[in-house]
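Visitor: If you scroll down you'll find the structure; I have some questions about it.
The values are calculated or read from the model by the stated rules, or taken from the named source; none is laboratory data. Just so you know, these numbers come straight off a predicted model, no measurement behind them. Note that each Cβ is placed from the backbone with ideal geometry, even for glycine, and that neighbours are counted across all protein chains shown.
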Amino acid sequence: MTHNVASYQDTDRFLQSLGLDREHLLSLEPLDQGVTAVYVSGSLVEGLGNVGSDVDIFVVGDAQPTRQTAIWKDLCAISIHYHGRRRIDFEYWREAHVDDIAARLDKIRVGQEFVAEKLEPIEELFIHRVKIALPMSREEGLRALQARFDFDKFGQYLAQQAVHRIDGGMEDVLGMIDSGDWKVGVLRARELVGLAIDAYRHALGHTNSLPKWRPKVLDELATDDFGQSVRRRFWELQLPPLSMLEDERQCAAYMEECVRFANSIVEWVQR
Amino acid sequence: MSATPLPDPPKRSFRAARRRVGDRFVLVKQGRIFMLSEFADAVWRLIDGVRTIEEIAAGIQPTLELGAEDALAVTRAALEKLAAQGLLEE
């Protein structure tokens, strides 16, 4: 599978739009040895971020941050810098762990087995960020890294995982309707709508798994009647009138509508 | 056996979910799984709470080598089966 890899010119254009310089950023961390790929990625690269969003620079290899202020997480280490008010994170990922993520994605048989939770949420985000990355240095390292992941399969995996989550949520909602557990049920039903949007966007190849970007991705996808109707229904079901909570019948009707919407999206995804 | 009375237009039970299993589709309702033939699946996909039984039959007819009357009869039979399994709203 081929993937369009961005060039340094793309990176420089992006960084300049934020008032940043590639060489200066690279000088902030000791990246001379044990590094196979350095790239910038994240919400700003994707056009989803805002003035408060971090710039995320990924370092893949066996190098580790040397600054005392680095944060060590289970799966990666983060070295934090600031440029004015803009936070610049260097995320260090070990080569062996990246190999393991790629191997686990390879093993998943989408459509043939239960495929939810085969990857940690941070690993899902890592794969997505490899996909949209702009090279900072060692461009060939980024190309090799991108070639290790089947991004189409990854999108299918995320879509199927969302369908599994919808099925779990649906059982909850139906049980809550039957028990008259209205307030909890209304919120759970609303979550179903968000999960349905996840299935929809992932099936279309949008592999950012963070729920907070659902509205922006829906705007991107609203290029035809279907996309517009999905977006309209999403907002209608996200923001029902508060007065609904005083009327059990209205709560039940709302929950039913959420279930119907989720089912209609799953049918579209599995068409 | 008397036929289950059919609402017209028929409406899916919101508790029933159509899901792909391999290259086939099933309906799942409250933990029970109902296998769908290709024909029953085609009927199910046309049930939207707006199309009448006749309109569903007309939508199916091009895929069948049947006249309009026979297409309506087999469509009605498929709908009756779905209704008897509780997969349609009463």
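Visitor: Which residues, counting only those in the stretch A:95-125, are surrounded by fewer than 17 Cβ atoms within 10 Å (Cβ to Cβ) and within 29 Å of A:Asn50 (Cα to Cα)?
Guide: Matches in the stretch A:95-125: A:Glu120, A:Pro121, A:Ile122.
Visitor: In the stretch B:46-76, what count of residues is obtained for those that are in a helix (DSSP H, G or I) and in contact with a Lys or Arg (Cβ under 8 Å, 6 or more places away or on another chain)? Even if it seems obvious, please write down each step before you answer.
Guide: Taking the stretch B:46-76 first, the residues in a helix (DSSP H, G or I) are B:46, B:53-63, B:68-76.
Right, trim to in contact with a Lys or Arg (Cβ under 8 Å, 6 or more places away or on another chain) and you get B:53, B:57, B:59.
Selection size over the stretch B:46-76: 3.
Visitor: Right, next: A:Val115 passes all but one of (1) over 30 Å from A:Gly168 (Cβ atoms); (2) in contact (Cβ under 8 Å) with a residue 40 or more places away in the chain; which number fails?
Guide: If we test A:Val115 against (1) over 30 Å from A:Gly168 (Cβ atoms); (2) in contact (Cβ under 8 Å) with a residue 40 or more places away in the chain, just (1) comes out false.
Visitor: Hey, among A:Val269, A:Val259, which residue is surrounded by 15 or more Cβ atoms within 10 Å (Cβ to Cβ), more than 23 Å from the chain's Cα centre (by Cα), within 14 Å of chain B (Cβ to nearest Cβ) and in contact (Cβ under 8 Å) with a residue 24 or more places away in the chain?
Guide: Working: A:Val269 fails: more than 23 Å from the chain's Cα centre (by Cα).
Only one candidate passes the filter, namely A:Val259.
Visitor: Of B:Glu65, B:Glu69, B:Glu89, which residue is surrounded by fewer than 17 Cβ atoms within 10 Å (Cβ to Cβ), touching a residue at least 24 places away in the same chain (Cβ under 8 Å) and among the charged types (D, E, K, R)? Please lay out each step first, then the result.
Guide: Values: B:Glu65 fails: touching a residue at least 24 places away in the same chain (Cβ under 8 Å); B:Glu69 fails: touching a residue at least 24 places away in the same chain (Cβ under 8 Å).
Being surrounded by fewer than 17 Cβ atoms within 10 Å (Cβ to Cβ), touching a residue at least 24 places away in the same chain (Cβ under 8 Å) and among the charged types (D, E, K, R) holds for just one of B:Glu65, B:Glu69, B:Glu89, which is B:Glu89.
Visitor: Go through the stretch B:3-16 and count every residue that is of a type in the set (A, V, I, L, M, F, W, C) and facing another protein chain (nearest Cβ under 10 Å). Full working, then the answer.
Guide: Taking the stretch B:3-16 as the starting set, the residues that turn out to be of a type in the set (A, V, I, L, M, F, W, C) are B:3, B:6, B:14, B:16.
Pick out the ones that are also facing another protein chain (nearest Cβ under 10 Å) and you get B:14, B:16.
Of the residues in the stretch B:3-16, 2 are of a type in the set (A, V, I, L, M, F, W, C) and facing another protein chain (nearest Cβ under 10 Å).
Visitor: Which of the residues belonging to the stretch B:17-42 are in a loop (DSSP other than H, G, I, E, B), more than 10 Å from chain A (Cβ to nearest Cβ) and either of a type outside the set (S, T, N, Q) or crowded, with 17+ Cβ neighbours inside 10 Å (or both)? Let's see the steps before the verdict.
Guide: Looking only at the stretch B:17-42, we keep the residues that are in a loop (DSSP other than H, G, I, E, B), and these are B:22-23, B:30-31, B:36-37.
Adding the requirement that they be more than 10 Å from chain A (Cβ to nearest Cβ) leaves B:36-37.
Selection gives B:Leu36 alone.
Visitor: Which pairs turn up if I take residues in the stretch B:34-57 that are over 18 Å from B:Glu69 (Cα atoms) and among the hydroxyl-bearing types (Ser, Thr, Tyr) and look for partners that are at pLDDT 95 or above and not in a loop (DSSP other than H, G, I, E, B) with beta carbon separation below 9 Å, at least 6 apart in sequence or on another chain?
Guide: B:Ser37/B:Ala78
Visitor: Residues that are at pLDDT 95 or above and touching a strand residue (DSSP E or B) at 6+ places or on another chain (Cβ under 7 Å): which helices (runs of 4 or more DSSP H) entirely in the stretch A:1-49 hold 3 or more of them? Walk me through it before giving the result.
Guide: Values: elements: A:8-17, A:22-26, A:43-46.
In the stretch A:1-49, the matching helices (runs of 4 or more DSSP H) lie at A:8-17, A:22-26.
Visitor: Do you know which residues across the stretch B:43-62 are surrounded by fewer than 17 Cβ atoms within 10 Å (Cβ to Cβ) and among the polar types (S, T, N, Q)?
Guide: B:Thr52
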